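Below is one structure, written out as structure tokens, with a few remarks after it.
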Amino acid sequence: MNSETNKTDAFEPKIVAFVCNWCTYLGADLAGTNRLEYPANIRIIRLPCTGRIDFNLVVKAFEIGADAVLVSGCHPGDCHYTAGNFHARRRWKLFRELLDTVGVGSNRVYFSWISAAEGAKFQSLVTEIVDKTREMGPYKEYKSIVAES
């Protein structure tokens, strides 16, 4: 096989990011405005607040083919809706245990705080998630879990 074939056959992960409208989305925008390069593997879904994320959305992302999911919002204490990110963090701790119990890889779900001024942090995190997901390979366990049910 030549190097051209290897490039086209290489696994490219699909990452779904549920992000806060007020902080992480603006951080992603800042990364783009500052022309900071990061992998194009990420699909951003902008929500009013991480506190509004129903974790069924995270499961749905895997159901439709995501290889990893990012949930990111304002830093604690900086939420535009006062405590939405605290609610999300509480839910995240419970949800992570549930993922492990059910057999869905919680190592493929990332949770972070990124402010509107942290474009470089967004770039770095997305690059790290894509690299880790590439190493893990495609996420196929969801389909086998559903088939067993």
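No lab work stands behind these numbers, since they all come straight from the coordinates. These numbers were taken from a predicted model, which means no experiment stands behind them. Counting neighbours? That spans all protein chains shown, and the Cβs are built from the backbone with ideal geometry, glycine included.
Observations on the model:
- Residue ranges 57-65, 109-117 sort as 109-117, 57-65 when ordered by packing (mean number of other C-beta atoms within 10 Å per residue, highest first).
- When +1 charges are put on Lys and Arg Cβ atoms and -1 charges on Asp and Glu Cβ atoms, the dipole computed for the chain relative to its Cα centre reaches about 400 debye.
- Sequentially through segment 42-55, phi angles give Karplus couplings (6.51, -1.76, 1.60; θ = phi - 60°) of 9, 10, 8, 10, 8, 10, x, 6, 5, x, 8, 6, 8, 5 Hz, Gly and Pro residues having no value and appearing as x.
- Amide H within-cut-off set for residue 44, under 5 Å, with H built and near neighbours excluded: 17
- Length-normalised contact order of segment 12-137 in % [C-alpha pairs under 8 Å, at least 6 apart]: 40
- Straight-distance crosslink candidates among lysines, where the alpha carbon sits under 18 Å from residue 14 and sequence neighbours closer than 8 are dropped: 60, 132, 140, 143
- Farthest positive-ward along segment 12-137 dipole, Cα basis, beta-carbon charges - from 122, 33, 110: 110
- Relative to its residue count, the chain spans a Cα convex hull of 108 Å³ per residue.
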